[in-house]
Structure formats: C-alpha cells, structure tokens
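Comments concern the structure below.
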Amino acid sequence: MMAMSTMRTAVAAAIASVTLAAPAAASPDEQRDPNRAQTRPNVIVIETDDQSDSLRGMNTVARLLASKGTTFANSYAAYPLCCPSRATFLTGQYSHNNRVISTDLIQGYGALDETRTLPVWLRRSGYRTAMVGRYLNGYGTDDGFVEEVPDRRQIPPGWSEWYALTAGTDQRRYKYRLNENGKVRRYGKRPSDYVTDVLAGHAVDFIKRRAPRPKPFFLWFTPTAPHGEQSRVPGAPRDPTPAPRHLGRFADATLPRTPAFNEEDVSDKPARLRATPPLSPETVADLDLRYRSQLESLLAVDDAVKRIVGRIRRAGDKRMTYFVFTSDNGLQMGSHRLLFKSFLYEESTRVPLVIRGPRFPRGVVREQLVSNVDLAPTISALAKAKPTLPMDGRSLLEPARDPSVLSGRELLLESNKTNSVALRSGDWVYIEHGDGDRELYDLAADPFQLESLHASPPHAAIRDRLAARLAQVRNCLGPSCP
C-alpha cells in the first residue's frame with residue numbers, strides 16, 4: 001500500500017502542474033493554412049470495448065479507414081481483458097511488466113504508474129492530448145474502503161483535456177457520470193444523452209478547436225460499445241442498448257454458429273472447460289440478443305468515426321493525421337461453451353486493427369502477427385516522443401510498408417484471470433495453465449481450436465519446442481520480448 005501511496009502522491013503533483021484550459025481561437029493565418037507550421041502528425045485512436053475482429057455493419061470504418069489504410073489481419077490483445085489491455089496500450093508493455101493484471105483496484109488501475117504512460121510522453125514532446133470515454137476499470141471509484149483511491153474528479157497526468165466516464169456508471173448508455181476536465185456532470189435519459197453520441201461530441205469539439213492550430217494533438221476516443229450494459233432490466237429488448245435511431249437495424253441477426261460454438265466434444269480441453277456444461281437454449285437465445293445488440297450499438301461508433309474524419313477533413317488536416325481503429329479485447333460469446341473473455345482462444349484475443357495515415361499503405365492487408373503492445377511504440381515513433389519505459393512491442397511503420405518485416409514473429413499472450421500464458425508462433429499456439437493443463441493448436445488446419453494436439457505423440461517435438469520458447473519469453477522485458 002505504501003508503493004501505491006507514493007505513486008498517487010506523484011500523480012497528484014503532476015496533476016497540479018497541468019492547466020486544463022480551452023485554447024484561444026486560431027489566428028486568421030492559421031485558419032487559412034492550418035498545416036503551414038505543423039511538423040509532426042496528429043494521432044487519433046478509436047478503441048471500442050469488447051469488439052471481435054469483425055467490422056460487420058461498420059461501413060464507415062470500412063470505407064474511410066480500412067479502404068484508405070492498412071488492415072492488420074492478425075492483430076491480438078496481449079491480455080484479453082479491459083483494464084490490462086488498456087494499460088498495455090498506455091505503456092507499450094506486457095502486463096507482467098506494467099503490473100496491471102486484473103480489473104480490481106489494487107492489481108488493476110491502482111497498479112498503473114500513470115506518470116510513465118503514452119500521454120505523458122506526448123505532452124513532453126509538445127502534443128495536446130485528450131481522453132474521451134472509458135478509461136481503466138475502477139477509475140473514479142470513491143468507496144472509502146481503499147486507501148489512496150482517487151475520487152471522480154481526478155485527472156491523470158499527461159492529459160490536456162479529459163472527458164472520462166466514472167466507475168459505477170461507466171457501462172450505462174444513459175444516466176451516467178462524466179468527468180469533464182475535473183467537473184463531474186450527470187447525464188439523463190433523453191435520446192440526446194446517449195453516451196456514444198455525447199462522447200463523440202466531445203471528441204469532435206476537441207478536434208474542431210485543436211486542428212486549426214500548428215501544435216499536433218493526440219486523441220484517445222474510447223466509446224463503451226459494444227460492451228454489455230450495467231443493470232440490465234429483465235426482459236429488455238437489447239443489451240447493450242443501441243442509439244434510438246439504430247434500434248432494430250439488426251433485428252434478424254443471429255450469432256454465427258461457428259464449429260467452436262457450444263463445442264460438443266471438450267475432452268481435449270483443460271479441466272475447467274471439461275467441467276463446463278453445454279449452453280442451454282435460454283443461454284443461446286440470450287447470446288443472439290446480445291449479438292444483435294452489439295451490432296446495433298456499434299452503428300453509433302460508426303457514425304462517430306464519420307464525424308471525426310469529417311471534422312479533420314474540414315480543418316484541412318487530413319494529410320497530417322493518423323487514425324487507429326481497434327478494440328481492447330474480443331469475447332467468447334459461446335465459443336467452447338464460454339461466455340466471457342480473458343481466455344487465450346482466438347475469439348477473446350483477436351481484435352480489429354486498422355491504421356490510416358501518410359506512412360501506411362492504402363487499402364492493403366498485412367498478415368504479420370501484431371499486438372496492442374505495438375501501439376505505443378508506433379505512436380511514439382510517429383510523434384517523435386521519447387518513452388520512459390522499455391518498450392516490449394515494435395513500431396508497425398516498417399511492417400506496414402514491407403510485409404516481410406516481422407513475418408516470422410512470435411507473440412506472447414497472458415491472462416492472470418485464467419492463470420494461463422501462451423505463445424503464438426506461426427500457425428501454432430501453445431497454451432500453459434497454472435494447474436498443469438496444456439493445449440496446442442495448429443491454426444492452419446484447425447482455426448476454431450477444436451482439437452488440442454498437446455498429447456499427440458507426432459506433435460511432441462513442436463510442443464516441446466514451443467514450451468521451451470515460452471519459458472524463455474514469459475518474463476521478457478523490452479528487446480528480449482518476441
């Protein structure tokens with residue numbers, strides 16, 4: 001607890017040195033030629049919450065970002081759980097290094113050293129920064145039981161502007177609290193209070209004020225869609241609730257019944273899964289409802305992307321702006337009989353990743369293995385910012401340009417929640433569990449991970465090679481990471 005107290009003292013000092021004031025209006029010369037004096041690019045990261053690697057229904061993202069940028073087809077969340085995943089984004093480090101290994105206050109948000117994160121590095125290099133949406137689990141908690149927990153008005157260091165949903169209401173679509181630059185505002189239940197639209201409004205307003213000026217900016221826009229909703233009312237037609245204009249757009253959609261859905265034979269799986277019963281008809285029906293709810297809720301995010309790109313275009317900043325679209329993790333949604341995330345299967349770990357900008361090829365797909373541990377190194381390289389932590393990831397600038405770069409890369413996957421760690425290597429994924437269970441899959445032959453080969457004698461050599469390699473990298477730091 002002393003370490004957390006010391007860290008929070010440093011955070012408070014850093015916060016006190018930050019002035020959160022709206023910028024003055026741009027001069028007429030700057031308005032006529034907004035890029036004239038700008039030498040470094042703007043970066044806008046759009047990160048959804050619990051979205052699989054599918055962009056179904058997100059036609060704007062496909063048209064304005066994917067078709068004009070680089071899609072990374074094999075993008076993974078290093079730890080497929082909200083709080084650890086977001087900490088990895090902010091630090092460029094695996095969870096075993098940034099120490100955020102849970103969603104609780106002690107091992108989650110409270111473990112993050114907020115004085116050594118991407119926004120701090122960007123501010124020091126001259127960027128204006130804004131966070132709009134959901135931060136880390138537990139942010140804004142004020143329960144009186146945990147020492148040094150910041151209240152709902154707290155603003156972490158590194159942020160010029162701050163619009164963050166606070167704990168307890170951060171997964172509501174209406175009647176939520178939003179910390180707007182240190183002042184907590186309560187929103188109601190009018191259609192205009194729909195959370196994605198409100199957050200998009202703040203994001204667009206930030207761009208409108210910042211883009212006409214030569215100083216570069218960084219925006220982290222983190223809507224809560226398509227995460228499930230807090231306090232769902234029994235019998236509600238949707239979970240999560242979509243914007244009123246989108247209700248019913250996917251009324252007939254049903255969750256894809258992949259071969260892994262409600263897997264019939266789990267005898268090859270770890271003991272935990274072998275003890276998991278098949279999904280009931282009621283659970284399957286609920287999953288269908290959640291799936292159409294997710295698709296409809298993402299339509300408001302798609303609208304937000306249109307507004308954000310449009311505002312950049314109107315400011316004349318398109319050639320100076322990078323757009324990153326991704327998610328913090330996927331979701332099992334019935335695959336292998338599982339309903340949550342954190343499991344090191346493809347459904348939880350795979351996430352969308354599209355990057356559009358001057359140094360990323362237009363309309364191409366790259367197949368190299370990449371991870372959210374790569375995003376902070378990439379953004380730091382674009383911004384010429386200097387990280388104060390050893391980066392576990394790699395910049396994606398060269399892999400985007402040249403498909404041979406990182407073509408033989410391996411990835412580390414970890415989950416303290418399920419007490420498991422994995423190595424993704426080529427078409428193989430090898431998983432070790434804390435209770436001694438192991439799994440081995442050939443994703444080329446078995447993309448849905450239906451048959452683990454860990455006990456197969458013909459595959460003993462590949463299993464042992466991957467196990468030895470995993471032992472080498474599971475505690476890696478910086479350049480020693482795969």
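The values are calculated or read from the model by the stated rules, or taken from the named source; none is laboratory data. This one's a predicted model, so the numbers in the text were calculated from it and none came from an experiment. Neighbour counts are summed over all protein chains in view; Cβ atoms, including those assigned to glycine, are modelled from backbone coordinates with ideal geometry.
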(request) Check off (1) under 22 Å from the mean Cα position of the chain (by Cα); (2) assigned to a loop (DSSP other than H, G, I, E, B); (3) not basic (K, R) for F448 and give me the number that stays unchecked. (result) (1)
(message) So if I check each of G408, G357, which one is over 25 Å from S342 (Cβ atoms) and buried (at least 16 other Cβ atoms within 10 Å of the Cβ)?
(response) G357
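Looking at the range 410-454, which of the residues that are among the small types (G, A, S) and touching a residue at least 40 places away in the same chain (Cβ under 8 Å) is nearest to F261 (Cα to Cα)?
First, the residues of the range 410-454 that are among the small types (G, A, S): 415, 420, 422, 425-426, 434, 436, 444-445, 452.
Narrowing further to those that are touching a residue at least 40 places away in the same chain (Cβ under 8 Å): 415, 420, 422, 425, 452.
Working: S415: 22, S420: 22, A422: 22, S425: 25, S452: 16 Å.
Restricting to residues being among the small types (G, A, S) and touching a residue at least 40 places away in the same chain (Cβ under 8 Å), the top hit is S452.
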(message) Considering only the range 373-388, I want to know if a residue exists there that is part of a loop (DSSP other than H, G, I, E, B), more than 16 Å from V43 (Cβ to Cβ) and of a type in the set (S, T, N, Q).
(response) yes
(request) Collect the residues in the range 133-171 that are among the basic types (K, R) and either in contact with a Phe, Trp or Tyr (Cβ under 8 Å, 6 or more places away or on another chain) or at pLDDT below 95 (or both), keeping them in residue-number order. (result) R152, R153
(message) Cβ contacts < 8 Å: first residue touching a residue at least 60 places away in the same chain (Cβ under 8 Å) and closer than 20 Å to V370 by Cα, restricted to the range 457-482; second residue part of a helix (DSSP H, G or I) and hydroxyl-bearing (S, T, Y), any location; separation 6+ or different chain. Result?
(response) V473/S480
(message) Out of everything in the range 54-65 that is out of contact with any Pro (no Cβ under 7 Å at 6 or more places or on another chain) and farther than 13 Å from V309 by Cα, what residue ends up being surrounded by the fewest Cβ atoms within 10 Å (Cβ to Cβ)?
(response) N59
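Given the condition among the hydroxyl-bearing types (S, T, Y) and within 21 Å of V45 (Cβ to Cβ), answer yes or no: does some residue in the range 272-287 qualify? Break it down into steps so the answer makes sense when it comes.
At the first step, the residues of the range 272-287 found to be among the hydroxyl-bearing types (S, T, Y) are 276, 280, 283.
From the residues that got through so far, the ones that are within 21 Å of V45 (Cβ to Cβ) too are none.
No, the range 272-287 has no match at all.
Which members of the range 327-371 meet the condition of being hydrophobic (A, V, I, L, M, F, W, C) and not in a strand (DSSP E or B)?
Filtering the range 327-371 down to residues hydrophobic (A, V, I, L, M, F, W, C) leaves 331, 333, 338-340, 343-344, 351, 353-355, 360, 364-365, 369-370.
Scanning the range 327-371 gives L331, M333, L338, L339, F340, F343, L344, V351, F360.
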